[in-house]
Amino acid sequence: MRKTIYLVCSVIVVLFALVSCGRPVSVDSYAIIPQPVEMQVDKGSYVLSASPRCYTGGVGQNDLSVKYIFARLRGWHFNPVLVGTPDGDCLQLLVNEDYDAQLGDEGYTIDITGSGIVIAANSERGLFYGFQTFVQMLPEDIAEERYSRISLPYCHVRDWPQFAWRGSHLDVSRHFFGVSQVKKHLDLMAMYKMNKFHWHLTDDHGWRIEIAKYPLLNDIGSWRVDRDDQPWGEADPAREGEERTNGGYYTKAEIEEIVAYAAERYIDVVPEIDFPGHCCAILEAYPDLACAGDDTTYTVQFGPYWPPRAILCAGNDSVMMFLKDIMDEIIPLFPCNYIHIGGDEAVKDNWKRCPRCTARMKELNLKDYEQLQGWMVVEMENYLKRQGKSIIGWDEILDGGVSADATVMSWRGSEGGIKASRHGNDVIMTPLDYCYFNFYQANADFQPPAMPNSLVTLHKVYSFDPLAGIRTASQRKHILGAQCNLWTEYINTPEMAEYMLLPRLCAMAEVLWSPRERMQWEDFRARIARGRIRLESNDYRVGSGSFQPWATFEKGTGGRMLATLHWEVEGTTVYYHTGDGRWTRYEAPFEVDKGMKINTLSFYNGMLKEKEYEIVVSDQ
Ligand code: ACM
Ligand code: ZN
C-alpha cells in the first residue's frame, strides 16, 4: 500500500513538473533572419535551463537593453537569476570595454560553448541585436511552449549591419491602426533588427495626430463615414447627415507612449506631415488654406482620390504659419532628428489658377510651380533646422530644387535617389516595384484585394539591391539604406496589415542587414519556412507567398538549353509542358530551345495555387 502511494505521488510530482516546467528540447540547427555576417556552428551543445544564471558586464540590470532582455525571458517562462561573477555556466550580457571597430555601434558577437552563452557588443543597441539573434536560436514555438531545458548547438556569431537605415513605413491615414497594433508593428521590426519607423500620419483620408492649436484637424479631419464593409473604390457616397464613425487619431500621450516603446526597441520614430498635397483632411477642417478661387468642397476621403488635386495655397502666408505651428507641436514629441515633410504627388492645377500662388511665384522670381513647392520645402527646412531637425521628402522634392542637407526618399524608382546621391544628398531607397508591400504578393486571383495591377513577390523583394545603379564610393556614402512601405487603402484590419507585411518584411530586413555575398535565395526560403512558424507562434498573420514559378536557363547539349524551374514556397508542386499539352510534374532541369514557351501550373497541398502561366525561354 505504502509503495502504491509512493508511486502515485511520484507520478503526480513528475506530471506536475512536466506541466509547470515544460519538457526538454534540442535545437538541431539555426535559421536566423537576417543572415549574420559570420556564423559558425560547432559540435556539442550547451543546455540552457529554465532558470539561467545571468551575468551583466559593462551594463546594469536597470539599463534599457537588459530590462528588455529580462522582460522577454520572463515572458517565456524563464526565470533568470542574476549572479555577481561570470564564472561557471551562465548567460552573459556584455558591453565591451574596448571598442571593436568592425562591429560598430550596432554589431555584436554571440558565443555558445560548454561554459555558457556570451552576447557582447560595443553598445546596448548592439547587445539588443545580439539578443534578437539569440531569440531566433530558441525553438520556433518558444512564445507558446514552456521548456525545462533547451539544448543549443555551440556556435560563434559575429555580425553587424550593411545599412544604417533599415526602415518600415506604416500609413495610418488611409486606415487608422490603434496603439496596440502600432506596438506590434514595432515588435516585428525589432525582431528583424529594423530601426526606423516611418509613420505616415496625415493624408487625404484622415489626420491622425492631436494638434492643440487646430482642434478641427481632429474633430473633423480625423473622421469619415464608414465604408469598410464595401470594396475600396466602390464605396457609396456619404448620406446627408451621416455620422462619421471611421477613423481616430493618436493623442499626444499615446504618441509619447509609442515613441518610448520604440526607443526601448532601439527604433527611431520618423513622423510624416505630408504637404502641400494630400491635404483633403486639412482642407475640410480649414478650407481657408485652399487656393483663391478654388470652390471645391473638400471632405475627408473614404475611397480612391485620384488625381489628388487638393493642395495648400503657397501664396497664402497663413499656410506656412499653420505648417510651422504644427511642427512646433510635433517637434517635442519626436526625439528623432528627422521629420518627413512628404511632398509627393502635389498636383499643381489649383496653384496655376490661383492669383496668390502666381503672384508669389513672380515675387520670388521662380521659374515654375515646381520651384514654388521647392520654396515651401526650403522654408520649412530652414525653420526645422533652427530647431535641430533635418527633413526627409519623397523624391518629388528634387523637382523644385532642394538644399544639399535634405534627405530624399526615392519611391518612383531608384533614379531619383541615384541622382540625389550624385548631388550629395542623403538617400533612402524605397522604389515601389520592390518596396511597396501594399502591392499583391502573389497572383491577385488567389489573394484578398490589394492595389490593382501590382505585384511584389517575396523573391522580388529578396532580389532588391539598394545600391543598384550607384557607381562611386562618394555616392555610396549617401545611400543610408532603404525601407518597405505599407500604404493602407486596401488594408483595413490589423490582420491584413500583417498578412501584407509578412513574410516580405523579413526579406527586406535581410537585404538591409546582411552582406550580399551571404544572401542566397534557396537558403532564405528554408529559413523563412521556419521563420513563418515563429511568427505565427507570436500571433502574427503571415502571407501565403507566391506560387508563380520562374525559370533560369543555362547552356545544354547540342545547342539546346537547360531550364531549371524555381518557386517561392517550399512544398509547391509544379507541372509543365512545352507546347504539346502533356503535363509533366517538374522533378529536374529539362532541355528547351530559345523562344520556346513553357506552360506551368502550381499546386500546394493538392490545391491549385497558380493558374496556367507561361514562361518564354530566353538565353539569360
Ligand atoms: C507615394 O507613394 N505617394 C510616396
Ligand atoms: Zn494658391
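Throughout, read-outs are computed from the coordinates displayed, never taken from laboratory work. For clarity, every value in this text was computed on a predicted model and none was experimentally measured. Backbone-built Cβ (ideal geometry, glycine too); neighbour counts: all protein chains shown.
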Two-decimal Rg to Rh for the chain - Kirkwood Rh, Cα set: 1.02
Loop trypsin sites (Lys or Arg not before Pro), the range 466-557, which have at most 14 other Cβ atoms in a 10 Å radius of their Cβ (DSSP): Arg471
Volume of the Cα convex hull of the range 212-349, divided per residue and given in Å³: 139
Helix 2-21 vs. the chain, principal-axis angle (Cα, 0 to 90°, nearest 10): 30
Dipole magnitude of the range 221-336, debye to nearest 20 (Cβ charges: Lys/Arg +1, Asp/Glu -1, about Cα centre): 200
Scattering profile of the range 61-205 at q = 0.13, 0.14, 0.15 Å⁻¹ [log10 I(q)/I(0), Debye over alpha-carbon scatterers]: -0.67, -0.77, -0.86
Computed [θ] at 222 nm, helices only, for the chain once each DSSP H run of length n ≥ 4 contributes -39500 (n - 2.57): -8500 deg cm²/dmol
Estimated D of the range 311-377 in µm² per second, where Rh is the Kirkwood radius over Cα pairs and Stokes-Einstein applies at 10 °C, 1.306 mPa s: 121
P(r) weight above 28 Å for the range 477-620, C-alpha pairs, percent: 35
Given the chain, longest segment not containing exposed loop GluC sites (Glu not before Pro) (DSSP; at most 13 other Cβ within 10 Å): 244-569
Assigned charges on the beta-carbon of Lys, Arg, Asp, Glu; the range 151-264 dipole about Cα centre (debye): 700
Burial ordering of Asp539, Asp203, fewest other beta-carbon atoms within 10 Å first: Asp539, Asp203
Stretch gain in nm, segment Asp105-Asp28, where the contour uses 0.36 nm per residue and the Cα spacing is subtracted: 24.6 nm
Among beta bridges that DSSP assigns inside the chain, antiparallel share in %, nearest 5: 50
